[in-house]
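Enquirer: Encoded as structure tokens, here's the structure I'll be asking about.
The values are calculated or read from the model by the stated rules, or taken from the named source; none is laboratory data. Note that the coordinates shown come from a computational prediction; the quantities given were computed from them, not determined experimentally. So basically every Cβ, Gly included, is an ideal-geometry build from the backbone, and we count neighbours across all protein chains shown.
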Ligand SMILES: [Zn+2]
Ligand SMILES: [Zn+2]
């Protein structure tokens, strides 16, 4: 928001004067109020402060025809800063003022509703987010379990392959030993059989 004092610079929260009626903001320095003077302004005074344009409007309604430019804003007296300006009967009953306060009330109400809607939307999206993250966690643990099962299966397959190859080796060994035993038995037969019978058996 730009300063309504016409300086062309954006407004800052510091040393800000905000009109109670039109909600426009001014640099206090653009209203010829220096920081020392600003510090002396009470909260109540700032909360109900009227900008020069709105002041003029009120004054004109009261019959004061002078057109005070923004720059000529009067620094409030010490007395004025202590007490917030009371609404005159004229202001309170004026239809324009009533319309303004009605609009303000409406704006406040809308703001409250918007905040409530935002809050509940935030809550809902928070619920959805936490539910999603729970699902994600579950998916992750399922994936881990699947990976564990896969690696378990792989190690079992490896064990089976090893067992198969060792069984094959053992059967080869077995065959080898059997062959050796047969050879030894044949050798023994040759040694223990006399030549005559050996010849006889050869004839047979
Ligand atoms: Zn300014
Ligand atoms: Zn104003």
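Enquirer: Among the candidates 71, 60, single out the residue that is modelled with pLDDT under 90, surrounded by 11 or more Cβ atoms within 10 Å (Cβ to Cβ) and within 12 Å of ligand 1 (Cβ to nearest atom).
Expert: Step by step, each of 71, 60 is checked, and only 71 is modelled with pLDDT under 90, surrounded by 11 or more Cβ atoms within 10 Å (Cβ to Cβ) and within 12 Å of ligand 1 (Cβ to nearest atom).
Enquirer: Quick check on my filter: what residues within the range 21-33 are more than 10 Å from ligand 2 (Cβ to nearest atom) and buried (at least 16 other Cβ atoms within 10 Å of the Cβ)? Quick ask: steps written out before the conclusion?
Expert: Step one: list which residues in the range 21-33 are more than 10 Å from ligand 2 (Cβ to nearest atom), which gives 27-33.
Within the range 21-33, 27, 28, 29, 30, 31, 33 meet the criteria.
Enquirer: Give me the pairs, please: first residue somewhere in the range 1-20 and under 12 Å from residue 53 (Cβ atoms) and within 16 Å of ligand 2 (Cβ to nearest atom), second residue anywhere and in a strand (DSSP E or B) and at pLDDT 90 or above, beta-carbon distance under 8 Å, and either six or more positions apart or on two chains.
Expert: 4/25; 4/26; 5/26; 5/27; 19/25; 19/26
Enquirer: What pairs come out if I take residues in the range 42-57 that are without any contact (Cβ under 8 Å) to a residue 24 or more places away in the chain and pair them with residues that are assigned to a helix (DSSP H, G or I) whose C-beta lies under 8 Å away, six or more apart or interchain?
Expert: 52/31; 52/70; 52/72
Enquirer: Would you mention how many residues in the range 15-29 are touching a helix residue (DSSP H, G or I) at 6+ places or on another chain (Cβ under 9 Å) and within 14 Å of ligand 1 (Cβ to nearest atom)?
Expert: Residues of the range 15-29 touching a helix residue (DSSP H, G or I) at 6+ places or on another chain (Cβ under 9 Å): 15-24, 26, 28-29.
Still in the list and also within 14 Å of ligand 1 (Cβ to nearest atom): 15-19, 24, 26, 28-29.
Count: 9.
Enquirer: Test residue 92 against the criterion of being part of a helix (DSSP H, G or I), surrounded by 10 or more Cβ atoms within 10 Å (Cβ to Cβ) and at pLDDT 90 or above, and give yes or no.
Expert: no
Enquirer: Any residue in the range 30-37 that is within 9 Å of ligand 1 (Cβ to nearest atom) and over 22 Å from residue 98 (Cα atoms)?
Expert: yes
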